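What follows is a short report on a single structure.
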Amino acid sequence: MKVAIEITKILKDIHGKGFLHRDLKSANCMIPYNQRNEKLILIDYNVGIKFGVPKNPRTQSLRRLPIPTRDFAFHKCIYSALRAGEGTGCQETEDLEQLIYLLMETRDIFPFSGTAEEFAQQKKDFRQEPASFLTQANVFLYPVIDVILKQEFGVRPDYKKILKVMRQNGYIINENAPFEVKTSSTGKPYIE
């Protein structure tokens, strides 16, 4: 859950500046190693877009800008959010939806596959009944998924609430400690 918390903080920051990442996946999460301060960063903003201009820096309120709906082939990207793939819109909620998919992938339960039409339907089914996609070992993710999916499209997400639910549903962590990359008994790397 530490990775989810850190990514949510990063998204809150970039969204507060009026930018969307739009390509959130594990391959775009990096931990540079400098022997003192291992910190997670998001890379690859190539499909990122400006969606707002700050109105009031103190409140981080934004004047929303029109966003092209079909400026990239999101329908072909298995990690894309449903609305982005359908070409019906992209806002902060879509970056957060991609965070859900990233969390599921890191827990080896990424359920989407097949053609663009097939995984679009799978994402619709997931949004209707997310708990049915989770294994018993991953049911702790449900409250996080639920709070993210309930965020309103086109409205600034309630990051405070999202972070609170993440903290309540993960094991006890020290958010200020540097990330450590370890290797499991099967040889698979993981982050702690």
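The values are calculated or read from the model by the stated rules, or taken from the named source; none is laboratory data. These numbers come from a predicted model, not from an experiment. All Cβ positions, even for glycine, are placed from backbone atoms using ideal geometry, and neighbour counts span all protein chains on display.
Remarks
- Close contacts from the range 118-139, counting a first residue that is polar (S, T, N, Q) and a second that is surrounded by 15 or more Cβ atoms within 10 Å (Cβ to Cβ) and at pLDDT below 95, with Cβ to Cβ under 8 Å and a gap of 6+ residues or different chains, come to Gln122/Pro111; Gln122/Phe112; Asn138/Met104.
- Ala73 being in contact (Cβ under 8 Å) with a residue 12 or more places away in the chain and within 23 Å of Leu20 (Cα to Cα): no
- Qualifying residues in the range 1-55 (those that are among the acidic types (Asp, Glu), assigned to a loop (DSSP other than H, G, I, E, B) and in contact (Cβ under 8 Å) with a residue 24 or more places away in the chain) - the one nearest to Ala73 (Cα to Cα): Asp23
- Evaluated against (1) surrounded by fewer than 11 Cβ atoms within 10 Å (Cβ to Cβ); (2) in contact with a helix residue (DSSP H, G or I) (Cβ under 9 Å, 6 or more places away or on another chain), Ser184 falls short on exactly one condition, (2).
- Selection of the range 154-165 for residues being at pLDDT 95 or above and not hydroxyl-bearing (Ser, Thr, Tyr) yields Pro157, Asp158, Lys160, Lys161, Ile162, Leu163, Lys164, Val165.
- Arg63 being surrounded by fewer than 18 Cβ atoms within 10 Å (Cβ to Cβ) and either touching a residue at least 60 places away in the same chain (Cβ under 8 Å) or not in a loop (DSSP other than H, G, I, E, B) (or both): yes
- Against the test of being at pLDDT below 95, closer than 19 Å to Val3 by Cβ and hydroxyl-bearing (Ser, Thr, Tyr), the options Tyr171, Tyr142 yield a single qualifying residue, Tyr171.
- The condition of being of a type in the set (Val, Ile, Thr) and under 17 Å from Ile14 (Cβ atoms) holds for only one of Val144, Val53, that being Val53.
- Options Phe133, Phe126: the member that is more than 16 Å from the chain's Cα centre (by Cα) and over 28 Å from Lys17 (Cβ atoms): Phe133
- Sole residue being touching a Lys or Arg at 6+ places or on another chain (Cβ under 9 Å), of a type outside the set (D, E, K, R) and either surrounded by 15 or more Cβ atoms within 10 Å (Cβ to Cβ) or at pLDDT below 95 (or both), chosen from Phe119, Phe112, Phe126: Phe112
- Residues in the range 80-94 that are in a loop (DSSP other than H, G, I, E, B) and over 12 Å from Asp23 (Cα atoms): 4 in all.
- For the range 72-79, the criterion of a residue being under 27 Å from Val139 (Cα atoms), within 17 Å of the chain's Cα centre (by Cα), assigned to a loop (DSSP other than H, G, I, E, B) and among the aromatic types (Phe, Trp, Tyr) is satisfied by at least one position.
- Annotation: Ala84 fulfils all but one of (1) closer than 19 Å to Val47 by Cβ; (2) at pLDDT 95 or above; the unmet one is (2).
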